[in-house]
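Each remark here refers to the structure printed beneath this line.
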Amino acid sequence: MVRTNRMPRYFVHLLLVVGAILMIMPFVWMLLTSFKSVTESTSMNPFVFFPSAWKWENYSEVLRQNNFPRLYWNTFAMVALRVVCSIVFSAMAAYAFARLKFPGRNFFFGLVLFQMMVPTQIFIIPQYLMVDSLGMRNTIFALLFPGLVSAFGTFLLRQFFMGLPKELEEAAKLDGCNIGQTFVRIMLPLVRSGMVALGIFTALFAFKDLMWPMIVNTNSNAATLSSALAKIQGAYSVDYPELMAASVLAIVPMLILYVIFQKQFIEGVATSGGKL
Amino acid sequence: MNKQIARRISKQTWGEWSWGWFLIAPTIIGLIVLNIIPIIQTAYLSLFKSGDFGRGNIYVGLDNYRKMFSDVQVWHSVGNTLLYALLVVPTSIAISLIVAVFLNGKICGKSIYRTIYFIPMVAAPAAVTMVWRWLYNEHFGLINYLLSRIGADAVDWVGSPKLSLISIAIIGIWSVIGYNMVLLLAGLQEIPKDFYEASDIDGASRFRQFFVITLPLLSPTLFFVVVTSIIQAMQVFDVIYMMIDVTSPAYEHTVSLVYLFYNNSFKYSNKGYGSAIVILLLAIILIITFIQMRAQKKWVNYM
């Protein structure tokens, strides 16, 4: 079939390749700069693209000045706890909202919807004051605190539960399962893809969050990777190779997870978008 | 007999009720403590002025709001935030849509492209902004070097009050393209292929197909992407915080509502004023959402 106005395939590829280069170029530049000396990174004539000698000292210097193992642990603990809490509590509430009838259901679900419409910054001052009055600043608990429950997760998983056939529960009931057994043994395994999507979302946004860890864990040993970077930038703002080395160290864990689980990441985002 | 049935039913209903309450309890208690009470508290705090060193709150009534409405910086931040949203949302959605349409066809390397375009989404904004700041560097940045190769003058991307918001918006667009693209691609795959085949037979051009089939059928997804993008853009903070210091000459031209909220609440420890600012943000977001819900009826087609 001849099409006059159809874009040639190579042209489409050309555009996509240019776009792809623009997408990864900052990361490549981050990596290249992280191995340069300060002189090389600021040399304009000639401009240096590749470091003449790969300077690992930038990394050892950054690792020496900052407690990265501690930052990795704090970030990992925050992400893991938020993922577990949001999945467990959201799945429970989502099932009840999707399938059970009980007084107050609509009202309580209204609370869930209401929370989703409000910008999160509105909760931050009181949440900070609560953590402060508990004497829990600069702890892992403080990092977890706003993510203990998830309105978004409840809404998302409710959509998944509502997509399951009703006959399943009737069959389970005939077999003598009570509601709890039906939920855990029959329904929960069927919304696995929803729970994976929620886990990925929660992990991604917890990992990227900057303001909350910056506010609540001011002690540098209690910081997360993101909030530590903000501090590091203030500390040595001229030494770009070292700043880039710190950035590489901060983004590498999530990047590795993404490379391994890219299918789950992308499908998680795609399916949840369709469900909201 | 009847009595027995009635008792059994009520026992069963009671069982369902208690299971329902038990299952929602953690989430609802959490929401009340973490979100509902804080909203009331924030509204209440906005009526107070924090004393020195954040100690001792003094009731000032609506003074924070009066101060806010005559505070030039607040109006700047409202303007900056809206301008940022205006720069980021249409551009990023247009680019994501083009990429999604390209990738929706039979094209080789589809999943590789998808993977690459999504990468900025998994990187922490703090790290990403740092490398962009370096790319933007006036004297040693890669971007100005490339510009100098084609004979253009060096540009002060970060420090110039006129340009800095655009530079920030570019980072915002770059970060979000992959995410929107994945959502739109999922929407595109829902459109039945027969529609295109039928219009092929009718001899419709690709461009016409895009406007007559793709756009209307994609409009529910597009609506979702527009709404979430606007809400995200209205809450912009990380990139600006990492890029523009309070002392920068570009600060007034880039400070967003959330950045201003952060500075007032936690840097200057005036939580009362910070609360008033965040209530203003809430009001603006609610107004925009309301307008979108009304406009939705005009352009969104639900099949």
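Counting residues in the stretch A:41-55 that are assigned to a helix (DSSP H, G or I), buried (at least 18 other Cβ atoms within 10 Å of the Cβ), at pLDDT below 95 and not assigned by TED's automatic domain parsing to the domain that holds A:Phe152 gives one or more.
Filtering B:Ile244, B:Ile288, B:Ile279, B:Ile284 for residues that are among the aliphatic types (A, V, I, L, M), touching a residue at least 40 places away in the same chain (Cβ under 8 Å) and under 16 Å from B:Asn64 (Cβ atoms) leaves a single hit, B:Ile279. Checking A:Met78, A:Met116 one by one, the residue that is of a type outside the set (Ser, Thr, Tyr), in contact (Cβ under 8 Å) with a residue 40 or more places away in the chain and more than 9 Å from chain B (Cβ to nearest Cβ) is A:Met78 and no other. Which members of the stretch B:226-235 meet the condition of being in contact (Cβ under 8 Å) with a residue 12 or more places away in the chain and not in a loop (DSSP other than H, G, I, E, B)? Across the stretch B:226-235, the qualifying residues are B:Val226, B:Val227, B:Ser229, B:Ile230, B:Ile231, B:Gln232, B:Ala233, B:Met234. Of all residues in the stretch B:136-194, those being more than 24 Å from B:Met242 (Cα to Cα) and either part of a loop (DSSP other than H, G, I, E, B) or not assigned by TED's automatic domain parsing to the domain that holds B:Met242 (or both) number 6. Just a yes or no: is a residue in the stretch B:42-57 crowded, with 18+ Cβ neighbours inside 10 Å, modelled with pLDDT of 90 or more, within 14 Å of another protein chain (Cβ to nearest Cβ) and assigned to a helix (DSSP H, G or I)? Checked the stretch B:42-57: at least one residue is crowded, with 18+ Cβ neighbours inside 10 Å, modelled with pLDDT of 90 or more, within 14 Å of another protein chain (Cβ to nearest Cβ) and assigned to a helix (DSSP H, G or I). Residue-level check: of (1) open to solvent by 50 Å² or more (accessible area, probe 1.4 Å); (2) in contact with a helix residue (DSSP H, G or I) (Cβ under 6 Å, 6 or more places away or on another chain), B:Arg149 misses just (2). Within the stretch A:239-260, residues that are more than 7 Å from chain B (Cβ to nearest Cβ) reach partners that are aliphatic (A, V, I, L, M) and open to solvent by 20 Å² or more (accessible area, probe 1.4 Å) with beta carbons closer than 7 Å, at six or more positions or on different chains, in the pairs A:Asp239/A:Val38; A:Pro241/A:Val38; A:Val248/A:Leu31. For the stretch A:119-138, taking the residues that are touching a residue at least 24 places away in the same chain (Cβ under 8 Å) and over 26 Å from B:Leu280 (Cβ atoms), the one that is nearest to the other protein chains (Cβ to nearest Cβ) is identified as A:Arg137.
This table checks each residue for (1) in a loop (DSSP other than H, G, I, E, B); (2) at pLDDT 85 or above; (3) open to solvent by 90 Å² or more (accessible area, probe 1.4 Å).
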| site | (1), (2), (3) |
| --- | --- |
| B:Arg7 | no, no, yes |
| B:Trp14 | no, yes, yes |
| B:Trp17 | no, yes, no |
| B:Leu31 | no, yes, no |
| B:Gly79 | no, yes, no |
| B:Ile98 | no, yes, yes |
| B:Ile112 | no, yes, yes |
| B:Tyr117 | no, yes, no |
| B:Pro120 | no, yes, no |
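The set of residues in the stretch A:91-110 that are in a helix (DSSP H, G or I) and surrounded by fewer than 19 Cβ atoms within 10 Å (Cβ to Cβ) comprises A:Arg105, A:Asn106, A:Phe107, A:Gly110. For A:Val84, the requirement of being more than 7 Å from chain B (Cβ to nearest Cβ), over 20 Å from A:Gln159 (Cβ atoms) and β-branched (Val, Ile, Thr) is met. Residue count for the stretch A:162-172 satisfying the condition of being within 14 Å of chain B (Cβ to nearest Cβ) and not small (Gly, Ala, Ser): 2. Within the option set A:Val88, A:Val84, A:Val17, being outside the structural domain of A:Ser193 (by TED's automatic domain parsing), open to solvent by 50 Å² or more (accessible area, probe 1.4 Å) and not in a loop (DSSP other than H, G, I, E, B) holds for one residue only, A:Val17. One residue stands out in the stretch B:191-220 among those that are in contact with a Gly (Cβ under 9 Å, 6 or more places away or on another chain) and within 13 Å of chain A (Cβ to nearest Cβ): the one that is least open to solvent (accessible area, probe 1.4 Å), namely B:Leu218.
Among the residues of the stretch A:219-238, those that are open to solvent by less than 60 Å² (accessible area, probe 1.4 Å), touching a residue at least 24 places away in the same chain (Cβ under 8 Å) and outside any helix (DSSP H, G or I) comprise A:Ala223, A:Thr224.
Once the stretch A:223-238 is narrowed to residues that are more than 10 Å from chain B (Cβ to nearest Cβ) and over 26 Å from A:Phe141 (Cβ atoms), the residue that is farthest from the chain's Cα centre (by Cα) is A:Val238. Every test in (1) open to solvent by 20 Å² or more (accessible area, probe 1.4 Å); (2) modelled with pLDDT of 95 or more is passed by B:Trp174 save one, and that test is (1).
Looking only at the stretch B:186-205, decide whether some residue is within 30 Å of B:Tyr145 (Cα to Cα), at pLDDT 90 or above and not small (Gly, Ala, Ser). Within the stretch B:186-205, not a single residue is within 30 Å of B:Tyr145 (Cα to Cα), at pLDDT 90 or above and not small (Gly, Ala, Ser). Scanning the stretch A:173-218 for residues being part of a loop (DSSP other than H, G, I, E, B), surrounded by 14 or more Cβ atoms within 10 Å (Cβ to Cβ) and more than 10 Å from every other protein chain (Cβ to nearest Cβ) gives a total of 3.
Residues that are more than 7 Å from every other protein chain (Cβ to nearest Cβ) and within 11 Å of A:Gln121 (Cα to Cα) were ranked within the stretch B:254-281; the one that is most open to solvent (accessible area, probe 1.4 Å) is B:Ile279.
Residues that are within 25 Å of the chain's Cα centre (by Cα), over 30 Å from A:Ala223 (Cβ atoms) and touching a residue at least 12 places away in the same chain (Cβ under 8 Å) occur in the stretch A:139-156; there is at least one.
The values are calculated or read from the model by the stated rules, or taken from the named source; none is laboratory data. The model shown is predicted, which means the values in this text are computed figures rather than measured ones. Reconstructed Cβ throughout: ideal geometry from the backbone, glycine too, with neighbour counts over all protein chains shown. For the accessible areas, the whole protein counts, side chains as well, though only heavy atoms, and no ligand, DNA or RNA atoms are used. Shrake-Rupley method; radii C 1.70, N 1.55, O 1.52, S 1.80 Å.
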